[in-house]
Amino acid sequence: MKEIQQAAKDNAIWVSIGIHEQQLAEGSLPFNTNAVVSDDGTLVSVYRKLHLFDVNVKDGPRLTESQITARGDRAPDVVDTPMGKLGLAVCYDVRFPEMAQHLRHRGAQLLCYPSAFTEMTGAAHWEVMLRARAIETQTYVFAAAQIGKHNAKRSSYGDAMIVDPWGAVVARCSRNASEPTLATAEVNLNFLDKVRREMPIFSHKRSDVFH
């Protein structure tokens, strides 16, 4: 982590990065963590993944993340950044819209999902879920994504992208990338405010009926 902090400082950029965070207690499983580092190298916030990927899909992935990863127990933070208020999540969390809604209620203007989706689930669900989270929360969604083979049994889908509050994909990395690539896009909070003002869905919610 110290190397990431130094790189953020050297390049004067903010970083949200998915890492496996080792616990101090001997024999404890690591957390799957989204760590945010500021442009001066300070570790600003840490979110430990709440939803672990335990699945057995016919003719597809069979993975039990809970055997190798500890489950987080605290709702994620919303972090003040130069781009706006950033809500933290990790990978499989994207399948839980209530989490994204929670972050929006806490003031999030941006959501980030550092991820390593399987090839099968990525092809079927990755883009549509990212766009859905952006549309329903009216936030920018940043989805970094590992791509390629990890080992003989596992490869990741990739297709890193940025989605705007209207649900448009405004930047993405190549699905054929063989080297690390970057996607960049402008964050326009005036546009975000316009979307929320013209379609004020959060003021239309029926919390008296749905809990």
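Things worth noting here:
- Gln146 open to solvent by 10 Å² or more (accessible area, probe 1.4 Å), closer than 24 Å to Val44 by Cβ, modelled with pLDDT of 95 or more and in contact with a strand residue (DSSP E or B) (Cβ under 6 Å, 6 or more places away or on another chain): no
- Of residues in the range 151-167 being open to solvent by 20 Å² or more (accessible area, probe 1.4 Å) and free of Cβ contacts under 8 Å to residues at least 24 places away in the same chain, the one farthest from the chain's Cα centre (by Cα): Ala152
- Residue in the range 71-78 that is farther than 10 Å from Tyr47 by Cα, touching a residue at least 60 places away in the same chain (Cβ under 8 Å) and open to solvent by 10 Å² or more (accessible area, probe 1.4 Å) present: no
- Qualifying residue in the range 168-184 (condition: within 15 Å of Ala108 (Cα to Cα) and of a type outside the set (Lys, Arg)): no
- Residue in the range 1-17 that is nearest to Asp73 (Cα to Cα), counting only those that are open to solvent by less than 60 Å² (accessible area, probe 1.4 Å) and among the β-branched types (Val, Ile, Thr): Ile17
- The residues of the range 15-31 that are among the hydrophobic types (A, V, I, L, M, F, W, C) and either farther than 13 Å from Tyr47 by Cα or touching a Gly at 6+ places or on another chain (Cβ under 8 Å) (or both), listed by number, are Val15, Leu24, Ala25, Leu29, Phe31.
- For the range 18-64, residues that are part of a loop (DSSP other than H, G, I, E, B), buried (at least 16 other Cβ atoms within 10 Å of the Cβ) and among the hydroxyl-bearing types (Ser, Thr, Tyr) total 1.
- Just so you know, in the range 85-114 the residues that are open to solvent by less than 10 Å² (accessible area, probe 1.4 Å), of a type outside the set (A, V, I, L, M, F, W, C) and in contact (Cβ under 8 Å) with a residue 40 or more places away in the chain include one that is farthest from Asn151 (Cα to Cα), and it is Gly87.
Okay, residues lined up against (1) out of contact with any Ser or Thr (no Cβ under 6 Å at 6 or more places or on another chain); (2) closer than 22 Å to His211 by Cβ:
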position: Ala100; (1), (2): no, yes
position: Glu119; (1), (2): no, no
position: His125; (1), (2): yes, no
position: Met129; (1), (2): yes, no
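- From Thr81, Thr121, Thr139, residue being under 25 Å from Asp39 (Cβ atoms), surrounded by fewer than 22 Cβ atoms within 10 Å (Cβ to Cβ) and not aromatic (Phe, Trp, Tyr): Thr81
- Scope the range 185-199; condition surrounded by 11 or more Cβ atoms within 10 Å (Cβ to Cβ) and either over 17 Å from Leu110 (Cα atoms) or in contact with a strand residue (DSSP E or B) (Cβ under 6 Å, 6 or more places away or on another chain) (or both); matching residues: Ala185, Val187, Leu189, Met199
- Odd one out for Ala183, checked against (1) more than 23 Å from Asp80 (Cα to Cα); (2) in a loop (DSSP other than H, G, I, E, B); (3) free of Cβ contacts under 8 Å to residues at least 24 places away in the same chain: (1)
- Test for Ser174: is it of a type in the set (Ser, Thr, Tyr) and open to solvent by 80 Å² or more (accessible area, probe 1.4 Å): no
The values are calculated or read from the model by the stated rules, or taken from the named source; none is laboratory data. Please read all numbers here as calculations on a predicted model, not as lab measurements. As a convention, Cβ positions derive from the backbone with ideal geometry for all residues, glycine included, and neighbour counts pool all protein chains shown. We work out accessible area using only protein heavy atoms, side chains counted, and drop any ligands, DNA or RNA first. Shrake-Rupley method; radii C 1.70, N 1.55, O 1.52, S 1.80 Å.
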